[in-house]
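In what follows, a structure is listed as structure tokens, so that the remarks can point back to it.
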Amino acid sequence: MKNIIFVAPPAAGKGTQSQIISERYNIPHISTGSILRNEIATGSDLGHQIQKEIDLGNLVSDTLIIELLLKRLRNNDCINGYILDGFPRTVNQAILYDKILEDSKSQIDYVFYLNLPIEEAYKRIVGRLTCSNCQTVYNYMYDGTKPKVEGICDKCNGLLVKRDDDTKEVFEKRFQVYKTETVPLIEYYKKQNKLYEIDSSISKEHTFEQIINILDNGDKND
Ligand code: AMP
């Protein structure tokens with residue numbers, strides 16, 4: 001049984017790491033951001049409200065997130081463990097989640113804190129450009145991932161565009177929310193002896209190596 005949680009600033013790679021771990025250990029990757037985006041895609045009133053909050057860089061309410069998550073955790077595929085990507089985001093969510101775990105006689109096994117300096121997170125998000133035609137992702141702030149011609153895709157000559165939420169303003173708001181709401185989770189899980197700090201600034205391969213080392217070698221904090 002492996003129940004895994006990530007605490008990470010924007011752009012630290014929690015989605016990518018969750019996906020690779022999910023494939024390696026055959027446990028589902030549950031992203032609360034994706035659950036919310038699916039709701040938005042239905043075009044419902046609830047979806048519109050969610051979209052507004054996300055576009056402003058805000059969090060959606062704890063009640064809504066818990067309700068959506070509980071529904072997902074009832075699926076049979078969660079029986080051997082799961083990876084939570086993007087939850088909990090606040091100490092209140094963590095407390096509510098602990099209560100759910102207690103009631104279901106379950107527990108969190110690993111909390112990975114992906115540590116990434118703010119300047120790096122800024123470059124990864126604000127520099128990101130996506131081809132409007134073939135979806136290839138570039139980053140004009142890093143030499144290795146710059147397009148050869150500014151604003152044009154190397155592969156298909158498509159126009160490179162910025163995602164609506166990849167602006168400096170939204171980044172600053174999301175980082176502020178991360179600092180005030182999510183960072184206190186580091187202490188919360190440290191006290192529970194569940195926290196593993198991972199350096200996420202080098203590469204996704206380096207981040208993954210540190211994680212599997214802990215998962216495979218049973219490097220528990222006790
Ligand atoms: P993510 O894909 O994890 O970056 O999430 C995208 C957005 O969805 C976040 O910026 C929040 O607005 C919202 N969101 C995702 N997970 C949560 C959560 N656990 N609590 C509140 N809002 C969330």
Over the range 1-66, equivalent-ellipsoid semi-axes from the Cα gyration tensor in Å:
25, 13, 11
Antiparallel content of DSSP bridges confined to the chain, in %, to 5:
25 percent
Rounded to the nearest 10 Å², the accessible area of Ser44 using a 1.4 Å probe with every protein chain kept is 30 Å²
On full extension of the chain, what length is gained from Asn92 through Glu53, given 0.36 nm per residue of separation minus the C-alpha to C-alpha distance?
12.2 nm
Students often forget the sequence filter, so: which lysines lie under 16 Å Cα-Cα from Lys146 once same-chain residues fewer than 8 apart are removed?
Lys123, Lys155, Lys162
Rounded to the nearest 0.05, FRET efficiency between Tyr25 and Tyr142 (Cβ-Cβ, R0 22 Å) equals 0.10
Sort out for me the Cα centre separation of the range 149-222 from the range 2-37, rounded to whole Å.
10 Å
Which value in Å does the Kirkwood hydrodynamic radius of the range 163-215 take, with 1/r averaged over all unlike C-alpha pairs and then inverted?
13.4 Å
Averaging over every viewing direction, what projected area does the convex hull of the Cα atoms of the range 102-184 cover, in nm²?
8.4 nm²
For the range 1-100, with only Lys/Arg (+1) and Asp/Glu (-1) charged at the beta-carbon, what is the dipole magnitude about the Cα centre, in debye rounded to 20?
260 debye
Along the range 52-66, what does the Karplus equation 6.51 cos²θ - 1.76 cosθ + 1.60 (θ = phi - 60°) give for ³J(HN,Hα), rounded to whole Hz, x for Gly and Pro?
4, 5, 4, 4, 8, x, 8, 8, 7, 5, 4, 4, 5, 4, 4
Please express the shape of the range 50-113 as an equivalent ellipsoid: the semi-axes are the square roots of 5 times the eigenvalues of the C-alpha gyration tensor, given largest first in whole angstrom.
22, 13, 12
How large is the accessible surface of Ile95 in square angstrom, using a 1.4 angstrom probe and rounding to the nearest 10?
90 Å²
When the Kirkwood radius is taken over all Cα pairs of the chain, what Stokes-Einstein diffusion coefficient follows at 20 °C and 1.002 mPa s, in µm²/s?
115 µm²/s
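The values are calculated or read from the model by the stated rules, or taken from the named source; none is laboratory data. Quick caveat, the model's predicted, so the values are computed rather than measured. Cβ atoms come from the backbone with ideal geometry, glycine included; neighbour counts cover every protein chain shown. These area figures cover heavy atoms from the full protein model, side chains too; ligands, DNA and RNA do not enter into them. Shrake-Rupley method; radii C 1.70, N 1.55, O 1.52, S 1.80 Å.
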